[in-house]
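I have placed the structure first, in the form of structure tokens, so that the comments after it can refer back to it.
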Amino acid sequence: TTVQESKERVRSAVRNSGGVFPAKRVVVSLAPADVKKESSAYDLPIAVGVLAATGQVTADLDDTVLLGELGLDGVLHHTTGILPMVALAREREIRRVYVPEDDANEAALVAGITVYPVRTLAQLVDHLNSVGAHGSNGIAPMSYREHLFTVEDAGAGHVDLQEVKGQEHVKRALEVAAAGSHNLLMQGPPGSGKTLLARCLPSILPAMTRDEALEVTKIYSVAGMLPAGQPLIRTRPFRAPHHTASHAALVGGGRQPRPGEISLSHRGVLFLDELLEFDQPTLENLRQPLEDRVITITRVSGTLTFPASLILIAACNPCPCGYFGDSQKACVCSPSTVTRYKKRLSGPLLDRIDIHVEVPRVAYEKLAGTTLGESSTAVRQRVEAARVIQRARFAGLPILTNSEMRPAEIRQFCVLDSAGQALIKAAMRQLNLSARGYHRVLKLARTIADLAGAQGIGAVHLAEALQYRAREGV
């Protein structure tokens, strides 16, 4: 519909910009025909194509891309998806790109391509006719926006770990999860601090690299969610959808598939509070992205694959009333009710979560105490040191963190000594570990060893990793 309506926008824009729209039938070929077209970015190239075909634009437009939505008055408006389109143009070895003035900073994030910010169609026509597409005058090209890649304080705007009283073992689990991008599930009674702890995780994550920032910005650009005046996402995403979120909202979808919360959490955190209140079929859709770190959406119009390399942080109560196993308040749920509640989370999904921790009630003495715990800054320094080790380890590989290791990398980098082999053998038998669980324990132990600065995985690292595996039920 957007493309069909462009003919009216283009006709009005050409006339209101001083051009002459031909009084005859105009056919525009959008090839290849089998690719579904849906974007207002076609307005500008269609308009310039009509003007060039009728001799009103004489410039050589080879090696040039034009993108932008036209208003009826010929003014170019903001268009979504500029960054990935300009990045693709550079991959195709195209040299020049003309984009709306509002989107020029976003387009200039791509190095090696000349970006021209265009305010109106009339301005562009004057530029092309006076100096040609390859001229040096007219519209001034925008330089590469190197300064936008400056690192921001990763912990700014987030809850500091030192504000959380008690729960030292959960803080340690968060540190391990942040160091290796491992998934984590917290279970405990209401008010024990699960949500607060989850919101502390972004404060201990390292700042995004340049490539990570571009990956995230491309997703938000396609989704039309880039904040006004902020062409680059420089802080890791933290997405916390409500448990009433639909399948399409979480996974993505639509007639033309758009990224959902899973993809919007790429290189960041997806926090699912009240996990067992989510619709079960929706939860099962987490299986593929947690395993493959991409999510594939299939619709009649086609199949699209979005990146989904994220840290899943989930929190849930042990039963509907929330007090099963609590030391101070009795649970009012029947055993069958507790069992049905826990069965909402399937075994295959549980197997994809590396760290399972209990979050008990916090004692009064700790809550009323004035002593602050370790700050997020101190923890983040250890996390960043572990990430440096991982970047050196995986140099040249399409892997950034330990959780992304495949069987070949696990075999190479997760070698156990005799004591470790004996321990994992006993754990396989006692915990009934699956092959996936076995590999996830080894990756988790590798992260714990990295936090300790150890070259190899020791029995103590493996033992801690095994303590984080799920026992029975949730």
- Query: Taking H as built 1.01 Å from N, whose amide H comes closer than 5 Å to the amide H of F238, not counting residues under 5 places away?
  - Reply: V269
- Semi-axes of the range 1-104 from the Cα gyration tensor (sqrt of 5 times each eigenvalue, largest first, whole Å) come to 21, 15, 15
- Query: By how many degrees, between 0 and 90 and to the nearest 10, does the Cα long axis of helix 210-222 differ from the longest principal axis of the chain?
  - Reply: 70
- Item | Solvent accessible area, Å² - R9, 1.4 Å probe, full protein context | 40
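How big is the Kirkwood radius of the chain, worked out from every pair of different alpha carbons and given in Å to one decimal? Working shown, then result.
Numbers: mean 1/r = 0.0398 Å⁻¹.
About 25.1 Å, per the Kirkwood formula over Cα pairs.
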- So between D417 and S375, what do we pick up on full extension, going 0.36 nm a residue minus the alpha carbon distance? 11.7 nm
- log10 of Debye I(q)/I(0), alpha-carbon scatterers only, for the range 402-474 at 0.24, 0.25, 0.26 Å⁻¹: -1.14, -1.23, -1.32
- Message: For a Förster distance of 41 Å, can you work out the FRET efficiency between the beta-carbons of A392 and H77, rounded to the nearest 0.05?
- Response: 0.35
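With N denoting the number of residues in the range 206-331, provide Rg(C-alpha) divided by 2.2 N^0.38 Å, to two decimal places. Don't skip to the end; give the middle numbers.
On the way: Rg = 16.6 Å, N = 126, 2.2 N^0.38 = 13.8 Å.
The value comes to 1.20.
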- Message: Using 0.36 nm times the number of residues separating Y364 and E5, minus their current alpha carbon distance, what extension gain do you get?
- Response: 122.8 nm
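Distance check, please: which entries in K165/K194; K342/K425; K194/K343; K7/K37; K218/K443 exceed 19 angstrom between their Cα atoms? Intermediate results must be reported in sequence, preceding the final value.
Values: K165/K194 12 Å; K342/K425 28 Å; K194/K343 21 Å; K7/K37 14 Å; K218/K443 29 Å.
In this structure, K342/K425; K194/K343; K218/K443 exceed 19 Å between Cα atoms.
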- Task: Let me know the volume per residue of the alpha-carbon convex hull for the range 126-256, in Å³.
- Result: 175
- Query: What is the Rg over Rh value, at two decimals, for the range 345-474, using alpha-carbon atoms and the Kirkwood definition of Rh?
  - Reply: 1.02
- Message: Given the range 298-357, report the % of alpha carbon pairs whose separation exceeds 14 Å.
- Response: 70
- Message: With every protein chain left in place and a probe of 1.4 Å, what is the accessible surface of H127, to the nearest 10 Å²?
- Response: 10
- Report, in degrees rounded to the nearest 10, the 0 to 90 angle that the Cα long axis of helix 43-53 makes with the longest principal axis of the chain. 30
- Note on the structure: Under a 1.4 Å probe, counting only protein heavy atoms, I424 has an accessible area in Å², nearest 10, of 10
- As computed over the range 54-147, the Cα convex hull volume per residue (Å³): 95
- Here the convex hull volume per residue of the range 34-81, taken over Cα atoms and given in Å³, is 113
- Message: Could you report the range 243-333's accessible area per residue, 1.4 Å probe, as an integer in Å²?
- Response: 41
- Message: Could you give each residue of the range 68-74 its phi-based ³J(HN,Hα) in whole Hz, using Karplus coefficients 6.51, -1.76, 1.60 with θ = phi - 60°, and x for Gly or Pro?
- Response: x, 8, 9, x, 4, 8, x
- Sorted by accessible area with a 1.4 angstrom probe, largest first, how do M186, M85 fall? M85, M186
- Query: Using r as the Cβ-Cβ distance of Q328 and A240, and R0 as 30 Å, what FRET efficiency do you calculate, to the nearest 0.05?
  - Reply: 0.60
- Determine ³J(HN,Hα), in whole Hz, for all residues of the range 446-462 in sequence, where each value follows from phi through the Karplus function 6.51 cos²θ - 1.76 cosθ + 1.60 and θ = phi - 60°; x replaces Gly and Pro. 5, 5, 4, 5, 5, 4, 8, x, 8, 6, x, 8, x, 4, 5, 5, 5
- Item | Paramagnetic reach from S12 (point 7 Å along Cα→Cβ, amide N under 19 Å) across the range 23-45 | 23, 39-45
- Query: So if R0 is 30 Å, what FRET efficiency would T303 and T150 give, r being the distance between their Cβ atoms, rounded to the nearest 0.05?
  - Reply: 0.20
- Message: Debye calculation, C-alpha points only, no solvent: report log10 I(q)/I(0) for the range 265-403 at q = 0.16, 0.18, 0.20 Å⁻¹, in the same order as the q values.
- Response: -1.09, -1.19, -1.28
- Report the dimensions of the range 224-277 along its three principal axes from the alpha-carbon atoms, largest first, rounded to Å. 37, 27, 17
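The values are calculated or read from the model by the stated rules, or taken from the named source; none is laboratory data. This is a predicted model, so every value here is computed, not measured. Glycine gets a Cβ as well: all are built from the backbone with ideal geometry, and neighbour counts include every protein chain shown. Each accessible area value is taken on the protein alone, full model and side chains, heavy atoms only, with ligands, DNA and RNA left out. Shrake-Rupley method; radii C 1.70, N 1.55, O 1.52, S 1.80 Å.
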